[in-house]
Amino acid sequence: MLLIANAEAWPGFPTTVDMLKTGADSLTALVNGISMVEADPRVRSVGYGGWPNMLGVMECDAGVMDGNTREVGTVGAVPNTIQTVRLAHEVMKRLPHVMLTGDGARRFASEIGFSLDDVMFPDSKRVWWERLEKELPPEALAKFPDIPLAPLSRTITDPERVRDTTVFLNADAEHGIHVATSTSGWAWKYPGRLGDSPIPGAGFYADSRYGAAACTHTGEMTMRCSTARSIVLAMKLGRSLSDAVKLAVDELAELSGGFLGGVVIHAVDSRGNHEVANFQCGEEIRYWLWQDNMAEPELRVAKTF
């Protein structure tokens, strides 16, 4: 049994480990762990601790995938909802759809009993407004939000360069391979922007016969390359996990034009191997690992490309 997650998964990683140890449903264990990350304001890239869009509105994304059945549930740009990964799980379980977005996703959340949450962390609101005051001249600030937003898209994106996503991947010979993701997306994103986190095949993909992958950081790039699905497909076609990840990294390196940045790939295979790759993030990337022969989870360093 194997579990990996990004470094910022620490508020919920031990909970998922404990649930897996007791034989709980694997995907439910991933969802429960991520829900704890979403609720913790110390994690500044997801849920309550995340950053708002340009208008100062929190829009969160999440996705889950059952590698045994390849069923998927995702939600995108969801307002007033902290536990978006639970909502994505409910989409998978209750609806014939794969994805709900925006007000429709929030309507579904209310129908099934989710609370209406104030997702805006006070410090996030403070930083957002102070950045607007810095970037906008007084006459534009006085008219805000009734001003063009597109010119701001490159000047106020990511005040702390946070483009991380919470990703949990579990591989178990008995229960299969599953993946779950959650994010508040880029800080200061244009309203309605979706990254790769809720996009099956780009930000996440799982197939218990071969493996799973999930991505963090610059989702615009992994959407262009279908990175997560490419890794699993490469393993289906006979490549090793390492070779499959290298193939995905090479595809990212071939991109030109558009917004380019760093990407982190988390991947596992059906043989119990794992690999986490840091593609041009410019800093050391760490991740959590737990295997059933380990006494405690370990924080390890990703391979750099």
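The values are calculated or read from the model by the stated rules, or taken from the named source; none is laboratory data. Note that the coordinates shown come from a computational prediction; the quantities given were computed from them, not determined experimentally. Note that each Cβ is placed from the backbone with ideal geometry, even for glycine, and that neighbours are counted across all protein chains shown.
Does ALA202 satisfy being surrounded by 24 or more Cβ atoms within 10 Å (Cβ to Cβ), out of contact with any Leu (no Cβ under 9 Å at 6 or more places or on another chain) and of a type in the set (A, V, I, L, M)?
Details: surrounded by 24 or more Cβ atoms within 10 Å (Cβ to Cβ): yes; out of contact with any Leu (no Cβ under 9 Å at 6 or more places or on another chain): yes; of a type in the set (A, V, I, L, M): yes.
Spelling it out, ALA202 is indeed surrounded by 24 or more Cβ atoms within 10 Å (Cβ to Cβ), out of contact with any Leu (no Cβ under 9 Å at 6 or more places or on another chain) and of a type in the set (A, V, I, L, M).
Kindly indicate whether GLU275 is more than 26 Å from SER35 (Cβ to Cβ) and either modelled with pLDDT of 95 or more or surrounded by fewer than 19 Cβ atoms within 10 Å (Cβ to Cβ) (or both). Walk me through it before giving the result.
On the way: more than 26 Å from SER35 (Cβ to Cβ): yes; either modelled with pLDDT of 95 or more or surrounded by fewer than 19 Cβ atoms within 10 Å (Cβ to Cβ) (or both): yes.
Spelling it out, GLU275 is indeed more than 26 Å from SER35 (Cβ to Cβ) and either modelled with pLDDT of 95 or more or surrounded by fewer than 19 Cβ atoms within 10 Å (Cβ to Cβ) (or both).
Got a sec? Which of SER184, SER208 is touching a Ser or Thr at 6+ places or on another chain (Cβ under 8 Å), of a type outside the set (A, V, I, L, M, F, W, C) and surrounded by fewer than 22 Cβ atoms within 10 Å (Cβ to Cβ)?
Numbers: SER184 fails: surrounded by fewer than 22 Cβ atoms within 10 Å (Cβ to Cβ).
After ruling out the rest, the residue left standing is SER208.
Please work out if THR227 is free of Cβ contacts under 8 Å to residues at least 40 places away in the same chain, buried (at least 24 other Cβ atoms within 10 Å of the Cβ), under 19 Å from VAL72 (Cα atoms) and within 14 Å of the chain's Cα centre (by Cα).
Yes: the conditions hold for THR227.
So, in segment 278-305, of the ones that are charged (D, E, K, R) and either without any contact (Cβ under 8 Å) to a residue 24 or more places away in the chain or out of contact with any strand residue (DSSP E or B) (no Cβ under 7 Å at 6 or more places or on another chain) (or both), which residue ends up surrounded by the fewest Cβ atoms within 10 Å (Cβ to Cβ)? Explain how you work it out, then say what you get.
Within segment 278-305, the first condition is being charged (D, E, K, R), and the residues that meet it are 283-284, 286, 292, 296, 298, 300, 303.
Keeping just the survivors that are either without any contact (Cβ under 8 Å) to a residue 24 or more places away in the chain or out of contact with any strand residue (DSSP E or B) (no Cβ under 7 Å at 6 or more places or on another chain) (or both) gives 283-284, 292, 296, 298.
On the way: GLU283: 9, GLU284: 10, ASP292: 12, GLU296: 7, GLU298: 12.
The residue in question is GLU296.
Quick check on segment 79-96. Is at least one of its residues within 16 Å of ASP164 (Cα to Cα), aliphatic (A, V, I, L, M) and either touching an Asp or Glu at 6+ places or on another chain (Cβ under 9 Å) or touching a residue at least 24 places away in the same chain (Cβ under 8 Å) (or both)?
Within segment 79-96, one or more residues are within 16 Å of ASP164 (Cα to Cα), aliphatic (A, V, I, L, M) and either touching an Asp or Glu at 6+ places or on another chain (Cβ under 9 Å) or touching a residue at least 24 places away in the same chain (Cβ under 8 Å) (or both).
Can you tell which of LEU30, LEU55 is modelled with pLDDT of 95 or more and in a helix (DSSP H, G or I)?
LEU30
Which members of segment 2-28 meet the condition of being among the small types (Gly, Ala, Ser) and either at negative phi or under 14 Å from the mean Cα position of the chain (by Cα) (or both)?
ALA5, ALA7, ALA9, GLY12, ALA24, SER26
If you go through segment 1-24 one residue at a time, how many are charged (D, E, K, R) and touching a helix residue (DSSP H, G or I) at 6+ places or on another chain (Cβ under 8 Å)?
Final tally of qualifying residues: 1.
Being touching a strand residue (DSSP E or B) at 6+ places or on another chain (Cβ under 9 Å) and either closer than 15 Å to HIS178 by Cβ or of a type outside the set (Val, Ile, Thr) (or both) is the filter here; which residues of segment 26-51 pass it?
SER26, LEU27, ALA29, LEU30, VAL31, GLY33, ILE34, SER35, GLU38, SER45, GLY47, GLY50
Do any helices (runs of 4 or more DSSP H) lying entirely in segment 90-155 carry at least 1 residues that are of a type outside the set (Asp, Glu) and in contact with a strand residue (DSSP E or B) (Cβ under 8 Å, 6 or more places away or on another chain), and which ones are they?
Fully inside segment 90-155 and qualifying: 102-111.
How about segment 230-253: which of its residues are in a loop (DSSP other than H, G, I, E, B) and either surrounded by 21 or more Cβ atoms within 10 Å (Cβ to Cβ) or of a type in the set (Ser, Thr, Tyr) (or both)?
SER240
Where residues in segment 64-121 are on the phi > 0 side of the Ramachandran plot and in contact with a helix residue (DSSP H, G or I) (Cβ under 9 Å, 6 or more places away or on another chain), which of them is surrounded by the fewest Cβ atoms within 10 Å (Cβ to Cβ)?
It comes out as ASN80.
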